[in-house]
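In what follows, a structure is listed as structure tokens, so that the remarks can point back to it.
The values are calculated or read from the model by the stated rules, or taken from the named source; none is laboratory data. Note that the coordinates shown come from a computational prediction; the quantities given were computed from them, not determined experimentally. Counting neighbours? That spans all protein chains shown, and the Cβs are built from the backbone with ideal geometry, glycine included.
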Amino acid sequence: MHKGGADAAAGGLALIADPTRARMLSLIVARPDGRATVTELADELGLRQPTVSHHAKALLDDGVLVRRPDGRRAWYSVAPDHLDRVTELLDMPTAGSRPDDEAAIERVVDDLATRFAGTFGRETVERYVRESRDLLAERTGVSKRFTSRAAEFAAERLAALAAQSPESGGTAPEVLFVCVQNAGRSQMAAAILRHLAGDRVHVRTAGSEPADAVSA
């Protein structure tokens, strides 16, 4: 690789080396209008505004972000000449593009319709799959595994709905484990309960107050 290419690659790696900046860029690029305020980013990331402002300034100084004042607010967006490089490094589509293809969604619907045959019709399954896809698109950064994540989410929702139907008796209790700061405690607790109780309970996990990185 020639020096110019090496420098560009190194700059690209440095761009997303910080997980907070990578998440900020993912959120901005995933938005329909491709822009966000510091307040919005802080709310979605669960971070303090001064922390987000610090990272935004660093990206602004590097020319990766551009800042456009709007009254008392300021909008941040990825600089047009950096957009292709940022989306390539983050492995995600630009705002307004489809995070999945229709054929993949149809395959997911077919698989889940077969799995839940006799409980839900194909129309209901398709509605849940598309709703799950849209919910994930709104709340998370998209990736190349987006369709598989939407399939898992839809399957969980359908299974929970089926468990509460009169045909199933609706007797299995629902247990939700929640942890904070990416600690992984909820997943461990869920695994232990599933091992001990099997199908007698429906176990779910969730997290809040995400940290900048996964806890060691």
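Within the range 93-141, being in a helix (DSSP H, G or I), modelled with pLDDT of 85 or more and aliphatic (A, V, I, L, M) holds for Val109, Leu112, Ala113, Val125, Val129. All conditions but one from (1) modelled with pLDDT under 90; (2) under 16 Å from the mean Cα position of the chain (by Cα); (3) not in a loop (DSSP other than H, G, I, E, B) apply to Gly4; the one that does not is (2). Being at pLDDT below 90 and more than 22 Å from the chain's Cα centre (by Cα): is that true of Ala9 here? Taking the combined requirement at face value, the residue satisfies it. Among the residues of the range 198-211, is there at least one that is assigned to a loop (DSSP other than H, G, I, E, B) and either at pLDDT 70 or above or in the same structural domain as Met24 (by TED's automatic domain parsing) (or both)? Yes, there is a match, as at least one residue in the range 198-211 is assigned to a loop (DSSP other than H, G, I, E, B) and either at pLDDT 70 or above or in the same structural domain as Met24 (by TED's automatic domain parsing) (or both).
For the range 70-87, the candidate set comprises residues that are more than 12 Å from Leu25 (Cβ to Cβ) and part of a helix (DSSP H, G or I); within that set, the residue that is modelled with the highest pLDDT is Pro80.
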